[in-house]
C-alpha cells in the first residue's frame, strides 16, 4: 500500500511526453516553490522575475531563486526580451524551455 504522502515522479509524466516534461516531473514535486514558479511561467509566461509573484504567493527573492534552480535544470531559458521594474531597473524575461517562446528567443512585448 502506498503512503498517502509518497511522491512518485514517474506518475507525473507520460511515456509520450517530451524529455523536458520527464525531467520536470522528476525535479518538480507538487507543492514546492519550484513547481509553483514552473506553473506560473507555463500558464502566464514568459515573465521577468519581478512579475512572477503577481501570480503566486512567493516573494520576488524566492521566485528568483527558484527560477534560477529551474534554469540550472534546463527547464527555463532566457529570452532576448527585457522588462523594466517599477523602479526602472531592467530584468531578463524567462520562458519555459521547449515552448515556442523559449525557442523564438526574440519576440515583441
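The values are calculated or read from the model by the stated rules, or taken from the named source; none is laboratory data. On a predicted model such as this, the values are computed, not experimentally measured, just so you know. Here the Cβ positions follow ideal geometry from the backbone for every residue, glycine too, while neighbour counts run over all protein chains shown.
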Of the residues in the range 58-76, those that are surrounded by 15 or more Cβ atoms within 10 Å (Cβ to Cβ), out of contact with any strand residue (DSSP E or B) (no Cβ under 6 Å at 6 or more places or on another chain) and not in a helix (DSSP H, G or I) come to 58, 73, 75
Has the range 43-57 got any residue that is over 26 Å from residue 17 (Cβ atoms) and either loosely packed, with under 14 Cβ neighbours inside 10 Å or at pLDDT below 95 (or both)? yes
If you scan the range 18-42, which residues turn out to be at pLDDT 70 or above and more than 23 Å from residue 79 (Cα to Cα)? 32
Just the residues that are over 8 Å from the mean Cα position of the chain (by Cα) and under 17 Å from residue 93 (Cα atoms), please, taken from the range 30-49. 43, 44, 45, 46, 47, 48, 49
